[in-house]
Amino acid sequence: GIERIKEVKGPTQGEAGEYKGVWVFIEHQEGEGAPVSWELLGAGRQLANALEVELCGIILGQGVEKIAQEGVFYGADKVYLVESPVLAQYRSEPYAETIASLVQKYKPEIFLLGATTLGRDLSGRVATLLSTGLTADCTQLSIEKDSRLLLQTRPAFGGNIMATIVCKNYRPQMATVRPRVMPMPQRDPERKGEIIQEKSLVTENEVKTKVVELIREGGSAVYLDKADIIVAGGRGVGSKENFAYLQELADVLGGTLGASRAAVEAGWLPVAHQVGQTGTTVRPKVYFAIGISGAIQHLVGMQTSDVIVAINKDPEAPIFKVATYGIVGDLFTIVPKLTEAFRQK
Ligand code: FAD
């Protein structure tokens, strides 16, 4: 038989009122804050202003006070800093437990994390420990004035609709946002804020996992979300060999190759190049969409790029609706001409 799912008990609506403030998890790697954390502080600032509450960062690690200070420069009023040898390397258990206990102590009403590999792992665990909800991969966050609820918008049903999700009775309202979805705020090194030292109660022998070794991914790793120029190709490119045309254009511009899912599924480029709902979200200065029709699942991953150049032989292709510049024609004629023209510059 099927068992009824028991309702998870979070704070009741009355208790929810005790929760105040917006928190952002500050992720870091090798002594540097993750850009998505600063982007979230930018987004968090808008939410905190709308609610007239404080914006706080929370950072865990060892020897990370400098990064906590960066959090202030990017807009946090306070940063909770938890340093301990147990937290030196990221591990789900001690991180989730430490954060959950601090959330219980300070009761923020909103808690945002980056939808990175680490953030995805951590957010689910923290939400479970706190018996609250979590909306993954939001593309927009805003406040409904009267109810003070966080409106969490994300693509749903295979990207066919944009769903706005609210977490009515449970606190904090938790959401993850992918890198580059929110704009990067200005860093202000003059900004003043408070760094508050906190303690983790988790001891090493309680933690079941140990980090034995860190192995860096090979030099071939693609960092699409950090690229300023992306030259992306779709099914229209026709073959793996034909991607050489796009590679040449990318080389001349110092860009990175991107791809639609159709091109990745055809085996023309590895999945690390995929842009879109099930790939990477990108926000480069210039995005070339070449032989890509502009399906909604592709658009959600690239439509906030500063400048979009679309090349497609079908004048009705939906990609032209989001394009800054549209070129109707055969990519095999246009791309080599563009490459040549840029080479002359
Ligand atoms: P097509 O739609 O086939 O378009 C090819 C285009 O090339 C056409 O517009 C054609 O006019 C043009 N063309 C052909 N020859 C030439 C030429 N010689 N010169 C110029 N133009 C030419 N897709 C993604 O990209 N990313 C995702 O993350 C993603 N996630 C998905 C998740 C789900 C749950 C689902 C259901 C789908 C997802 N998709 C995703 C797939 C998406 O729906 C589309 O199928 C896909 O984006 C189509 O890729 P395309 O534009 O390359 O191919």
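The values are calculated or read from the model by the stated rules, or taken from the named source; none is laboratory data. Computed from a predicted model, the values in this text were never measured in an experiment. Don't worry about glycine lacking a Cβ; one is built from the backbone with ideal geometry, like all the others, and counts go over all protein chains shown. Protein only, heavy atoms only, side chains kept; ligands, DNA and RNA dropped before computing areas. Shrake-Rupley method; radii C 1.70, N 1.55, O 1.52, S 1.80 Å.
Brief remarks on what is shown
- Computed from backbone phi with θ = phi - 60° and the Karplus coefficients 6.51, -1.76 and 1.60, the 3J(HN,Hα) list for segment 132-145 is 10, x, 8, 10, 8, 6, 5, 10, 7, 9, 8, 10, 8, 3 Hz; x is used for glycine and proline.
- Cα-based Rg and Dmax for segment 270-321, where Dmax is the largest Cα-Cα distance (Å): 10.4, 29
- Residue 143 long-range amide H proximity, modeled H, under 5 Å: 151
- In the chain, helical runs assigned H by DSSP with n ≥ 4 each contribute -39500 (n - 2.57); averaged across all residues and rounded to the nearest 500, the mean residue ellipticity at 222 nm is -8000 deg cm²/dmol.
- For residue 197 and residue 104, the FRET efficiency from 1/(1 + (r/R0)^6), where r spans their Cβ atoms and R0 equals 22 Å, is about 0.75.
- Here the translational diffusion coefficient of segment 6-147 follows from Stokes-Einstein with Rh set to the Kirkwood radius across Cα pairs; for 4 °C and 1.567 mPa s it amounts to 84 µm²/s.
- The 3J(HN,Hα) values that the Karplus relation (6.51, -1.76, 1.60; θ = phi - 60°) gives for segment 33-48 are, in residue order, x, 6, x, 4, 5, 5, 4, 5, 5, x, 5, x, 4, 4, 5, 4 Hz. Gly and Pro appear as x.
- Surface listing: 157, 320 arranged by accessible area from highest to lowest gives 157, 320, probe 1.4 Å.
- Listed residues 302, 184, 162, most fluctuating in the chain (Gaussian network, C-alpha, under 10 Å): 162
- The residues packed around residue 279, meaning those with a beta-carbon under 14 Å from its beta-carbon, carry a net charge of +1 if Lys and Arg are +1 and Asp and Glu are -1.
- The local environment of residue 177, defined by Cβ-Cβ distances under 11 Å, has a net charge of +1 under the rule Lys, Arg +1 and Asp, Glu -1.
- Cβ-derived FRET efficiency at R0 41 Å, residue 144 paired with residue 316, nearest 0.05: 0.60
- Over 23 Å between alpha carbons, listed pairs 240/285; 66/192; 20/226; 107/226; 107/145; 145/199: 240/285; 20/226; 107/226; 145/199
- Rolling a 1.4 angstrom probe over segment 176-284 with all protein chains present gives an accessible area of which 51% lies on carbon and sulfur atoms.
- Surface/4 of the Cα convex hull for the chain, nm²: 21.5
- Percentage of interatomic Cα-Cα distances in segment 115-181 larger than 16 Å: 49
- Annotation: amide H of residue 307 within the under-5 Å range of 286, 287, sequence separation 5 or more or interchain, hydrogens built in the peptide plane.
- For the chain, the solvent-accessible area with a 1.4 angstrom probe is 51 square angstrom per residue.
- Surface composition of segment 20-119: carbon and sulfur make up 45 percent of the accessible area, probe 1.4 Å.
- Taking a Cβ cut-off of under 10 Å around residue 197, the surrounding Lys, Arg, Asp and Glu residues balance to a net charge of -2, with basic ones at +1 and acidic ones at -1.
- Computed 3J(HN,Hα) for segment 332-345, one whole-Hz value per residue from the Karplus formula 6.51 cos²θ - 1.76 cosθ + 1.60 where θ = phi - 60°, is 6, 8, 6, 4, x, 5, 4, 4, 4, 4, 5, 5, 5, 5, glycine and proline marked x.
- On full extension, the segment bounded by residue 49 and residue 226 gains 60.9 nm, given 0.36 nm per residue less the C-alpha separation.
- Prolate/oblate/rounded label for segment 89-242 (Cα gyration tensor, a/c 1.5): oblate
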